[in-house]
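Please read the structure below before turning to the comments.
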Ligand SMILES: Nc1ncnc2c1ncn2[C@@H]1O[C@H](COP(=O)(O)OP(=O)(O)O)[C@@H](O)[C@H]1O
Ligand SMILES: [Mg+2]
């Protein structure tokens with residue numbers, strides 16, 4: 001497949017609510033792909049199902065591995081992360097009392113190659129892994145403009161800086177694909193500018209982005225391709241130019257009828 005991630009026929013219901021109804025899509029390798037749609041259209045549920053936080057009713061989720069396709073459909077979240085799919089959440093998830101640096105190092109424990117047993121036995125490979133993680137953390141701190149705050153507690157960061165930290169934590173696991181759920185919600189315009197730069201750099205680092213975001217200006221600016229969900233179904237997909245001209249998209253946002 002030319003894509004890095006393929007979802008085939010994903011349906012998910014919560015009791016009587018059909019959150020997703022037979023959604024199929026493919027995210028191209030090296031792209032910045034957007035996922036938009038009105039509130040409640042199923043965007044977060046789609047990310048939950050891909051990343052193993054929700055069990056889907058039926059579907060296949062396939063990831064392009066080094067050599068073959070990996071089926072992620074029934075894997076728990078930690079195995080999905082180790083396969084190379086990392087997500088962030090709509091609600092911030094950083095450890096407020098840990099230092100900014102320790103937040104990054106903790107996140108690295110979900111990276112491929114980490115094992116609790118090896119860690120406990122302090123194998124040389126573990127020490128090499130740790131020193132590599134420290135180097136990587138220094139790089140991520142620099143890239144996310146967080147170096148001056150490295151030793152301070154994460155709780156001292158502004159909301160926007162915490163969003164950057166969360167992005168940095170995701171990067172520590174060297175993902176193939178990052179699923180970002182509203183990365184700039186609640187962030188001030190200056191920091192949105194920083195985040196935008198960070199996001200645009202991802203494909204060059206070999207990280208494909210799949211982004212849910214209500215800031216449509218940003219989505220239409222940075223994405224190569226956009227999927228539109230409406231009431232659990234895929235309404236349309238296309239380039240930002242095509243999607244912005246599609247009247248059904250505007251209609252979905254304004255409400256039906
Ligand atoms: N854990 C849950 N339990 C019950 N219903 C849920 C749950 N999560 C989401 N839903 C419902 O599923 C639908 C899709 O929600 P969601 O995926 O959060 O949409 P979006 O992220 O596009 O706003 C909504 O109707 C929502 O109320
Ligand atoms: Mg959501």
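Each reported figure results from applying straightforward, stated rules to the coordinates on display, with no laboratory input. Everything numeric in this text was worked out from a predicted model, so none of it was measured. All Cβ positions, glycine included, derive from the backbone under ideal geometry; neighbour counts span all protein chains shown.
For a paramagnetic label modelled at 7 Å from the Cα of residue 8 toward its Cβ, which residues of region 50-76 fall within the zone defined by backbone nitrogen distances under 12 Å? Flagged as within label range: 59-63, 69-73. Hey, what angle do you get for helix 189-201 against the long axis of the chain, alpha-carbon based, 0 to 90 degrees rounded to 10? With rounding to tens, the tilt is 80 degrees. Per residue, the chain reaches -11000 deg cm²/dmol at 222 nm when only DSSP H runs of four or more residues are counted, each adding -39500 (n - 2.57). Against the empirical curve 2.2 N^0.38 Å, the C-alpha radius of gyration of the chain lands at a ratio of 1.02.
Computed from Cα atoms, the angle from the helix 159-171 axis to the main principal axis of the chain rounds to 80 degrees. Looking at the chain, the DSSP beta bridges with both ends there are about 60 percent antiparallel. Which length gain, in nm to one decimal place, applies between residue 57 and residue 233 when the Cα-Cα distance is subtracted from 0.36 nm times their residue separation? In short, 61.9 nm is gained. Using R0 = 30 Å, the C-beta based FRET efficiency linking residue 99 and residue 215 works out to 0.50. Taking region 173-257 on its own, what percent of its Cα-Cα pair distances exceed 22 Å? The proportion of pairs with Cα distances above 22 Å equals 32 percent. Between residue 201 and residue 18, the modelled labels are 4.4 nm apart [label points 7 Å from Cα along Cα→Cβ]. Against the chain, whose longest principal axis is taken from its Cα atoms, helix 124-143 shows a tilt of about 60°. Could you tell me the distance between the Cα centroids of region 139-155 and region 39-95, to the nearest Å? Cα centroid to Cα centroid, the span is 27 Å.
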